[in-house]
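The values are calculated or read from the model by the stated rules, or taken from the named source; none is laboratory data. This is a predicted model, so every value here is computed, not measured. Cβ coordinates were reconstructed from backbone atoms using ideal geometry, including for glycine residues, and neighbour counts include every protein chain displayed.
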Amino acid sequence: MKNKLKMLGLLALVATGSLLTFNACDKVIAINVSKDYANIDLLITAPQAAGTISFNKDVTSDLEALASSKGFSIDKIESATINSITIKINDTDPNPITTSIIQSAKVYLTADNVATTEVGIDDNAHTSPTQIDLDMKGIDAAPYIKSSKFNVKAELVTNQAINHDVPINISMSCTFKVKPLSK
């Protein structure tokens, strides 16, 4: 009788261990999904005195299609990291404006019911005469990016007047952590 009880106890232990192992294989996992916003086109309108120039652009988030193609819902986005923000000057004037006149640059995000926050900054260490790569502030951008649209605000501080219109482009690369997904 004792041997049968021991055997039943051993079988129960093996069965419990198997169930725990089986369920551990069905863990919740996270995936990372990347998204680039490359067409944030703005225009510095002339004339502009030296000093602070600010402009805004609404951006359609369009995450629904991306989420659907990857098999998740946007409400499953746990966090969003902005990996990079680049400002490019696309000036074709014979006397083009370059980054040499920009003392600093900042980019902010805002969305409905979400406070404005600074997401990137540059303090005069420009990548090239036509490009500025901002240093990221490390904020969680999920509340902004998950909105149907969000607003990008750029703020440039110049040391020289601008006497002709200057097109610029802001591009932003993001990574989303999506959770939970079943394995």
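Can you pull out the residues in segment 35-53 that are loosely packed, with under 11 Cβ neighbours inside 10 Å and under 22 Å from the mean Cα position of the chain (by Cα)?
Restricting attention to segment 35-53, the residues satisfying the condition of being loosely packed, with under 11 Cβ neighbours inside 10 Å are 39, 47, 49.
Once the filter is applied, which keeps residues that are loosely packed, with under 11 Cβ neighbours inside 10 Å and under 22 Å from the mean Cα position of the chain (by Cα), segment 35-53 yields only Asn39.
Only one of Ala111, Ala24, Ala67, Ala12 is small (Gly, Ala, Ser) and at pLDDT 90 or above. Can you tell me which? Outline the logic, then answer.
Working: Ala24 fails: at pLDDT 90 or above; Ala67 fails: at pLDDT 90 or above; Ala12 fails: at pLDDT 90 or above.
So the residue among Ala111, Ala24, Ala67, Ala12 that is small (Gly, Ala, Ser) and at pLDDT 90 or above is Ala111.
Which ones in segment 91-112 are within 24 Å of Ile139 (Cα to Cα) and either assigned to a loop (DSSP other than H, G, I, E, B) or out of contact with any Pro (no Cβ under 8 Å at 6 or more places or on another chain) (or both)?
Gln103, Ser104, Ala105, Lys106, Val107, Tyr108, Leu109, Thr110, Asp112
Across segment 113-166, what is the number of residues that are assigned to a loop (DSSP other than H, G, I, E, B), out of contact with any helix residue (DSSP H, G or I) (no Cβ under 6 Å at 6 or more places or on another chain) and of a type outside the set (D, E, K, R)?
The number of residues fulfilling the criteria is 14.
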